[in-house]
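The values are calculated or read from the model by the stated rules, or taken from the named source; none is laboratory data. Model, not experiment: these values are computed from the prediction. Using ideal geometry, Cβ is built from the backbone for each residue, glycine included, and neighbour counts are taken over all protein chains shown. Quick note on the areas: whole protein, heavy atoms, side chains included, nothing else; ligands and nucleic acids left out. Shrake-Rupley method; radii C 1.70, N 1.55, O 1.52, S 1.80 Å.
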Amino acid sequence: KEVEKEDRDLAHEFLQRNLDCVILNGGYTSDDIEDMFLRYQNGEPLNAAEKRKAIPGEFRKIVAMLGKHPVFTNICGFNNKREAYQDAAAKILHIRLNGAPKSITPASIKLTYHNHSSITATHSKVQEVKSILKFITDMFSLSSNKSPKLKKYAILTLAEVVRHLKETYAASGLKAEIANAYHEFEKERIEDGELEEGKQQAKYSQYTSAARGDSPEQQKLRIETLLTHIVGKLPQMKLKAKQRSFSTYQRLAIYYKYNKQCNECSKEVEMDSFHADHITPYSKGGETTLENGQLLCVDCNLAKSDN
């Protein structure tokens, strides 16, 4: 009876409400109507992703298309409540259009919507994002853990990591290995977080701390930490172009692989003064891979060159 009374009261209250209707007669496009809707809803509790759906132009259509990619339903662990998939897709495309790390505040993303209002599905950056999302989907489908339940910060980080790997290394044949290296990183990070504070490794605690936000600095730390880990775990991964110099992340991996010590004299070397050296010389066919890299101090590397 109490429920029935509540229902009657609610029905009575609903019937007493007045609805204001505005009829638009002719001359108004769908973009005009959506613009009015957006202006009206700016005073309502819609989140940023929901508001962006009403921004005129093609960008929102591209985001809607990317938000339907299976990477979100199969690989990510967050649901699509309140357009969460479109929000992640918009941020990934926004970062690719503007370069990482990049502010992903609602205001900055909204500006990208307006600046690229005529973007098409054939735009190079849209194609790049689609390729990145497919790579991520493929690599986990080949791994032992096919559904890692990525959080939103994780898919944003991994998208940039994969972008760098695809651009810099011959990574397409190592998709399963990349996924396994990611799983290993997450396993080690979780285990490290369960240790006493004084025993935790800085790279894991700093990454976990950076996962709590998405400032450019936090994005940069996450990307660099994960990239260094993956490159370090895949010593066979070759640079895409035949080049002599080791990449930034290969150098970092070599530095930590040799525990900051010269491989010849065991002297400790500073990060900005060591030489990443080819064990089998580049001039004799040595590959620019982590497998063929070693840490040498300046004196030992010069002595090797003299010999």
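Kindly list the number of the only condition in (1) open to solvent by 60 Å² or more (accessible area, probe 1.4 Å); (2) farther than 28 Å from Ser131 by Cα that fails for Ser205.
In the conditions (1) open to solvent by 60 Å² or more (accessible area, probe 1.4 Å); (2) farther than 28 Å from Ser131 by Cα, Ser205 misses (1) alone.
For region 288-307, enumerate the residues that are closer than 22 Å to Met237 by Cα and either part of a strand (DSSP E or B) or modelled with pLDDT under 90 (or both). Full working, then the answer.
Step one: of region 288-307, the residues closer than 22 Å to Met237 by Cα are 288-296.
Scanning region 288-307 gives Gly293, Gln294, Leu295, Leu296.
Which condition from (1) within 30 Å of Lys51 (Cβ to Cβ); (2) out of contact with any helix residue (DSSP H, G or I) (no Cβ under 9 Å at 6 or more places or on another chain); (3) part of a helix (DSSP H, G or I) is the one that Thr122 breaks?
(3)
Pairs, please: C-beta under 6 Å, at least 6 apart or cross-chain, first residue surrounded by 14 or more Cβ atoms within 10 Å (Cβ to Cβ) and in region 107-125, second assigned to a loop (DSSP other than H, G, I, E, B) and of a type outside the set (S, T, N, Q)?
Tyr113/Ile55; Ser117/Gly57; Ile119/Glu58
Find the residue count for region 271-287, including only residues that are surrounded by 15 or more Cβ atoms within 10 Å (Cβ to Cβ) and not in a helix (DSSP H, G or I).
We begin by selecting, within region 271-287, every residue surrounded by 15 or more Cβ atoms within 10 Å (Cβ to Cβ); these are 274-278, 282, 286-287.
Of the ones still in play, those that are also not in a helix (DSSP H, G or I) are 274-278, 286-287.
Counting residues in region 271-287 that are surrounded by 15 or more Cβ atoms within 10 Å (Cβ to Cβ) and not in a helix (DSSP H, G or I) gives 7.
Based on this model, can you work out whether Lys68 counts as surrounded by fewer than 17 Cβ atoms within 10 Å (Cβ to Cβ) and either under 18 Å from the mean Cα position of the chain (by Cα) or among the aliphatic types (A, V, I, L, M) (or both)?
Values: surrounded by fewer than 17 Cβ atoms within 10 Å (Cβ to Cβ): yes; either under 18 Å from the mean Cα position of the chain (by Cα) or among the aliphatic types (A, V, I, L, M) (or both): yes.
For Lys68, the condition - surrounded by fewer than 17 Cβ atoms within 10 Å (Cβ to Cβ) and either under 18 Å from the mean Cα position of the chain (by Cα) or among the aliphatic types (A, V, I, L, M) (or both) - is met.
From Ile223, Ile230, which residue is touching a residue at least 40 places away in the same chain (Cβ under 8 Å), among the β-branched types (Val, Ile, Thr) and out of contact with any Ser or Thr (no Cβ under 8 Å at 6 or more places or on another chain)?
Values: Ile223 fails: out of contact with any Ser or Thr (no Cβ under 8 Å at 6 or more places or on another chain).
Answer to the check: Ile230.
Determine the pairs where a residue that is touching a residue at least 12 places away in the same chain (Cβ under 8 Å), located within region 63-77, has a partner that is of a type in the set (Phe, Trp, Tyr) and surrounded by 14 or more Cβ atoms within 10 Å (Cβ to Cβ) with Cβ atoms under 7 Å apart, the partner being 6 or more residues away or on another chain.
Matching pairs, first to second residue: Gly67/Tyr85; Phe72/Tyr85; Ile75/Phe140.
Could we say that Glu184 is loosely packed, with under 15 Cβ neighbours inside 10 Å, under 26 Å from Phe78 (Cβ atoms), in contact (Cβ under 8 Å) with a residue 40 or more places away in the chain and out of contact with any Gly (no Cβ under 7 Å at 6 or more places or on another chain) here? I'd like the intermediate steps shown before the answer.
Working: loosely packed, with under 15 Cβ neighbours inside 10 Å: yes; under 26 Å from Phe78 (Cβ atoms): yes; in contact (Cβ under 8 Å) with a residue 40 or more places away in the chain: yes; out of contact with any Gly (no Cβ under 7 Å at 6 or more places or on another chain): yes.
Yes; evaluated as a whole, the condition is true for this residue.
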